[in-house]
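Reviewing the structure listed below.
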Amino acid sequence: MNMWGNGSVKVPRHIAVIPDGNRRYAKKVGLDFYHAYKRGVEKVRSFLTWALEFGEIKNVTFYALSTENLQRSRVELEILFRIFEEEFKKTIEDPLIHENKVRIRFIGDRSIIPGRLVKLMEELESATSSYSERHLTFALGYGGRAEIVRCVKRIISGEVKLAEINEESLFQCLDTRDLPNPEPDVVIRTGGEKRLSNFLLYQTAYSELIFLDKLWPEIEREDLLYVVEEYSRRQRRFGK
């Protein structure tokens, strides 16, 4: 399916999102952190709904919680973890996921995430493990540099055996190794900041970067349409 109907628009197959600006949104509209983050998480579901309207978009990856975010105050982290729990519980039975056969995965270091949340993450992965139509990935407790360190350790320990170590084979030991298309075609960052912030450092070598000034909870369907149109206009040469 092409939303423009004429097939002339080139649509990315994998979109990665850095949903920045939840705390600034709280200050802007006078909400407490819980309700601001709640709106941000609800916007993730909205964004997935819009993405599903494009048959060509097969993968969506969200930077849900970075290793750096874990240095925030205990109060703020507990709010985030509580919201994640609430949303993951709803998602296990969510028709949006099951009717569209969306497989859910989590990447990152689970040892630094509360056990109760890890249990729900595993339940979600199990509940959607038979799906292969589309893929929704959450980077939770994730840092790109730490991922590369994990990759090296997997090779040294023998957990991952590579006949030859080269740029392509290294994808086999990254956190995204099970994704059919681990390299995002486009990375979107909201909130006006223009950096990757340790997100998918190896995988985004040739990703198109699109920065939006809107804070994440303010994102609407028209913004995804803009991203797709902007991506379609760009010439991807991969250095050639």
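Report the GluC sites (Glu not before Pro) located in segment 109-151 that are in a DSSP loop and have at most 13 other Cβ atoms inside 10 Å of their Cβ, or state none. Intermediate values should be presented prior to the final figure.
Numbers: sites: E122, E123, E125, E133, E147; in loops: E133.
For GluC sites (Glu not before Pro) across segment 109-151 that sit outside H, G, I, E and B with at most 13 neighbouring Cβ atoms in 10 Å, the list reads E133.
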**Complete:** Zone reached by a paramagnetic label modelled 7 Å from E78 Cα along Cα→Cβ, restricted to segment 10-39 with backbone N below 19 Å, covers 32-38
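Of all chymotrypsin sites (Phe, Trp or Tyr not before Pro) in segment 176-206, which ones are in loop regions per DSSP and have a Cβ with at most 13 other Cβ atoms within 10 Å? Spell out each step's value before the answer.
Working: sites: F199, Y202, Y206; in loops: F199, Y202, Y206.
The qualifying sites are Y206.
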**Message:** At 7 Å along Cα-to-Cβ for each site, give me the label-to-label distance between S197 and E123 in nm.
**Reply:** 2.9
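Under the definition of Cα pairs under 8 Å and six or more residues apart, what whole-number percent is the relative contact order of the chain? Working shown, then result.
Working: 354 pairs, mean separation 69.6, N = 240.
It comes to 29 percent, rounded to a whole number.
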**Request:** Please list, in chain and number order, the residues 5+ apart from F106 or on another chain whose amide H is under 5 Å from its amide H, with Hs placed from the backbone.
**Result:** F138
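Given a cut-off of 20 Å, what percent of all Cα-Cα pairs of segment 66-149 lie beyond it? Working shown, then result.
Working: 1271 of 3486 pairs.
Every Cα pair in segment 66-149 considered, those over 20 Å come to 36 percent.
For N166 and K28, what does the FRET efficiency come to when R0 = 51 Å and r is the distance between their Cβ atoms, rounded to the nearest 0.05? If you can, show how the numbers build up before the last one.
Details: r = 47 Å, r/R0 = 0.92.
E(calc), rounded to 0.05, equals 0.60.
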**Ellipticity estimate at 222 nm from DSSP helix runs (n ≥ 4, -39,500 (n - 2.57)) divided over the chain, nearest 500** = -12000 deg cm²/dmol
**Asked** Cα centroid distance between segment 41-77 and segment 95-110, in Å?
**Response** 11
**Request:** Would you please name the chymotrypsin sites (Phe, Trp or Tyr not before Pro) within segment 29-81 that are DSSP coil residues with at most 15 other C-beta atoms within 10 Å of their C-beta?
**Result:** none
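Just how large is the dipole of segment 14-232 about the Cα centre, in debye to the nearest 20, putting +1 at every Lys and Arg Cβ and -1 at every Asp and Glu Cβ? Intermediate values should be presented prior to the final figure.
Values: 32 positive and 37 negative charges, 173 e Å.
Dipole of segment 14-232, to the nearest 20 debye: 840 debye.
Structure shown: which of K194/K214; K58/K101; K90/K119; K38/K194; K10/K58; K58/K119 lie over 18 Å apart, alpha-carbon to alpha-carbon? Don't jump to the answer; show the numbers that get you there.
Working: K194/K214 12 Å; K58/K101 11 Å; K90/K119 14 Å; K38/K194 24 Å; K10/K58 14 Å; K58/K119 26 Å.
In this structure, K38/K194; K58/K119 lie more than 18 Å apart at Cα.
Bear in mind that the values in this text are calculations on the coordinates, not laboratory data. Predicted model, so just to flag it, every value in this text is computed and none were measured. Heads up, the Cβs are rebuilt from the backbone with ideal geometry, glycines too, and the neighbour counts pull from every protein chain shown.
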